[in-house]
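Please read the structure below before turning to the comments.
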Amino acid sequence: MNRGRGRWPHWRRNGVALAALVVLVPTTWLTITTNESESFSSPLGDDPVTAEVGDSVTMNGIEVGPGTARFVEEDAAPPGSRVVVVELPVDPNGDEVRCMSPRLREADGRGREWVESSYELGYGLFGDRVTGCPVEGTAPFTLVLSYLVAADATGPFHVDMTWSEALPRFARVTVAP
């Protein structure tokens, strides 16, 4: 008989809580999504020290560059992509350097970003190529990095390299195939 009247006070009493949910849930989702996407696209630094094509950069006594890049034909590359091989000399000048895997970013255009793909191309984790900073050692070395990029990516590219002692700065070496 009075079944409809009994429901209205519950909605009125819980209206503030429902309004809070309507506002807080999307706000929380937006905040988390924004923070996660920024941390993913960032090379864990926010202050690039840039070297133009043919130049090197020195940070914390470690010299990076000059880098070179070239497009190579690779059977393992999926359709719609191609491979950019970057050679990046690193001279720690007698210090140990523990770096993150360098990322490749379009210098112009859409600013797309790619991670190193030697393993995906079948080169293996411990091949002859140096794809990361040696765990121990202070001698100069050259990183040989392979990136699967979109077929329409033409360069120039930035190679962003980070190591903990330099944060929040990071080395950004520009290369052009």
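Bear in mind these aren't lab numbers, they're just calculated from the coordinates by the rules spelled out. Fair warning: this is a prediction, and the values are worked out from it, not measured in the lab. For neighbour counting, all protein chains shown are included, and Cβ atoms are generated from backbone atoms with ideal geometry for every residue, glycine included.
Charges at C-beta only: +1 for Lys and Arg, -1 for Asp and Glu. How large is the resulting dipole of the stretch 47-175 about its Cα centre, in Debye rounded to 20?
Here the size comes out at about 260 debye.
Hey, can you rank 47-57, 142-152, 75-85, 157-167 by average C-beta count inside 10 Å, highest first?
Details: 47-57: 15.6, 142-152: 18.6, 75-85: 13.9, 157-167: 21.5.
In descending order of packing, they fall as 157-167, 142-152, 47-57, 75-85.
Once both labels are modelled 7 Å past Cα along the beta-carbon direction, what's the VAL72-ASP47 spacing in nm?
3.6 nm
Need one number: nm distance between label points at GLU165 and VAL16, each 7 Å from Cα along Cα→Cβ, rounded to one decimal.
Each label point lies 7 Å from its Cα, and together they span 5.7 nm.
Give, in nm to one decimal, the length gained when the segment between SER101 and VAL25 is fully stretched (0.36 nm per residue of separation minus the Cα-Cα distance).
On the way: separation 76, 0.36 × 76 = 27.36 nm, distance 3.54 nm.
Roughly 23.8 nm would be gained on extension.
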